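Reviewing the structure listed below.
Since every read-out is calculated from the coordinates, none of them should be taken as a lab result. Because the structure is a prediction, the values reported are computed rather than measured. Cβ: placed from backbone, ideal geometry, glycine included. Neighbour counts: every protein chain shown.
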Amino acid sequence: MEFISDFLNSEKTLYLFAGIIGTASVVLGLLFLIFSGQKSFATTMIVIGLLEMAAMFPNYLKYSQKIEDKISTYENNHTEFLKAESVATQKALKSFFWLKLIYGILIVALVVTMSFLASKSILFGIFTALILHLGFAIAIDSFGEKYTDTYLEHLATALK
């Protein structure tokens with residue numbers, strides 16, 4: 001059962017990390033807004049940062065209840081929990097692949113588009129902020145995928 005709580009705590013930590021990135025984005029955006037001429041970059045960083053904070057911090061705060069619920073479900077019926085969790089975890093691994101692929105394609109498309117834009121244009125700043133956040137999303141998803149893959153291995157071992 002320790003591997004279940006380890007995985008769930010690692011997931012909770014990823015929510016916290018994403019929220020911290022959102023906070024850093026807002027701070028960086030405010031600094032650029034105050035001290036730089038890149039208003040579109042700054043505004044986009046602030047908006048995306050606020051969205052990340054709004055999505056991730058509440059999930060982080062509610063995650064302790066999810067951990068308790070999953071552990072309770074595991075304690076009530078080991079086999080059914082392990083089977084259901086294995087299916088959900090396999091789906092999550094496929095989602096990580098598709099998300100990272102989509103993020104990568106978006107980054108390439110944004111970079112190619114930026115090559116046609118003037119560096120002072122509004123879209124250039126917006127695209128730069130989007131590329132930064134997509135890069136962070138890939139990094140966070142890579143950690144999530146690693147933890148999820150390890151979790152799936154533990155689930156498979158526990159089912160034997």
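Worth pointing out:
- Cα-Cα separations in the chain greater than 28 Å, expressed as whole percent: 35
- Between region 38-96 and region 110-160, the Cα center-to-center distance that results, in Å: 16
- Comparing L14, L117, L99 in a Gaussian network model of the chain (Cα springs below 10 Å), the most mobile by mean-square fluctuation is L117.
- A Cβ-based charge dipole, computed about the Cα centre of the chain with Lys and Arg at +1 and Asp and Glu at -1, lands at about 600 debye.
- 16 Å Cα-Cα reach of K12 towards lysines, excluding residues that sit fewer than 8 places from it in its own chain: K62, K66, K70, K146
- Residues I71, I48, arranged from fewest to most other Cβ atoms within 10 angstrom of their Cβ, appear as I71, I48.
- At R0 = 45 Å, FRET efficiency that the Cβ-Cβ distance of T79 and T23 yields, to 0.05: 0.60
- Unit charges at the beta carbon, dipole of the chain: most positive-side option, F7, L132, F41: F41
- Residues in region 117-131 carry Karplus couplings, in order, of 9, 6, 5, 9, 6, 4, 5, 4, x, 5, 5, 4, 5, 4, 4 Hz; the curve used is 6.51 cos²θ - 1.76 cosθ + 1.60 with θ = phi - 60°, and Gly or Pro positions show x.
- Pairs of Cα atoms farther than 15 Å apart, region 68-160, %: 68
- The chain - percent relative contact order, Cα under 8 Å, separation 6 or more: 31
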